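What follows is a short report on a single structure.
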Amino acid sequence: MMYKYRVDIVQVGHLHNYERTWPTYKGKAVLKGTNSTHYVNPEAPVYVVQGTAGALIR
């Protein structure tokens, strides 16, 4: 669905530090438009996990 509707970035939260993936489609990295440090108009969504660096939830 994300690929079909040309979503650029998917952000979710979890109890981790910041993590990201390469642009991904059907479980495979899509490297067109990327280099070792950044993406320029990637051909698939990039998934980001933004976390609280281990903060306790009560």
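The values are calculated or read from the model by the stated rules, or taken from the named source; none is laboratory data. A quick note: this is a predicted structure, and the numbers were derived from the prediction, not measured. Because the Cβ atoms are built from the backbone with ideal geometry, glycine has one as well, and the counts that use them run over all protein chains shown.
Candidates in the range 10-29 are the residues that are at pLDDT 75 or above, touching a strand residue (DSSP E or B) at 6+ places or on another chain (Cβ under 9 Å) and not in a loop (DSSP other than H, G, I, E, B); of these, the one that is surrounded by the most Cβ atoms within 10 Å (Cβ to Cβ) is Thr24. When restricted to residues that are part of a loop (DSSP other than H, G, I, E, B) and either within 15 Å of Ile9 (Cα to Cα) or at pLDDT 70 or above (or both), the range 30-58 contains 14.
For beta carbons closer than 6 Å, sequence separation of 6+ or different chains, a first residue in the range 39-53 that is under 16 Å from Arg6 (Cα atoms) and a second that is surrounded by 16 or more Cβ atoms within 10 Å (Cβ to Cβ) and modelled with pLDDT of 75 or more, the qualifying pairs are Pro42/Pro23; Glu43/Val30; Ala44/Pro23; Ala44/Thr24; Ala44/Val30; Val46/Pro23.
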